[in-house]
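Everything on this sheet refers to the single structure shown next.
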Amino acid sequence: MRSQIQGDLSTGQFANKFLQIRDGKVSEDTSKVLIIMTCGQIVKSPGELLSKVYPNIQQNFKDENFLSHRSILASRNDVVEKLNVTIQKQLPGQE
């Protein structure tokens, strides 16, 4: 996979990490750390991951621009479901 957008070299790094995930070369052990690609930061829990990727979600959840510039890749649907439930519990209003 080749990737280079507007001279941004980090897109190639992202593509390589994505291929590692696809090829099963990244551990799925939940005791391991989670990686935030765009910032290069390492977090130690799903809650910390969500707060870094979606800061102030309670105020920003209606902002399409805010949401469209953020995503979390996960290797399994059950991981995605847990993250979605955690985010939804943080939002104001009825479920």
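All of the numbers you see were taken from the coordinates with simple rules; none came from a lab. These figures come from a predicted structure and were not determined experimentally. Cβ sites come from the backbone with ideal geometry, for glycine too, and all protein chains shown count toward neighbours.
Side notes on the structure shown:
- Electrostatic bookkeeping for Leu83 treats Lys and Arg as +1 and Asp and Glu as -1; over the other residues with beta carbon under 13 Å from its beta carbon, the sum is +2.
- The lysines whose alpha-carbon is closer than 28 Å to the alpha-carbon of Lys89, local same-chain residues fewer than 8 away aside, are Lys32, Lys44, Lys52, Lys62.
- Sites Lys25 and Val79, calculated FRET efficiency, Cβ-Cβ separation with R0 22 Å, nearest 0.05: 0.85
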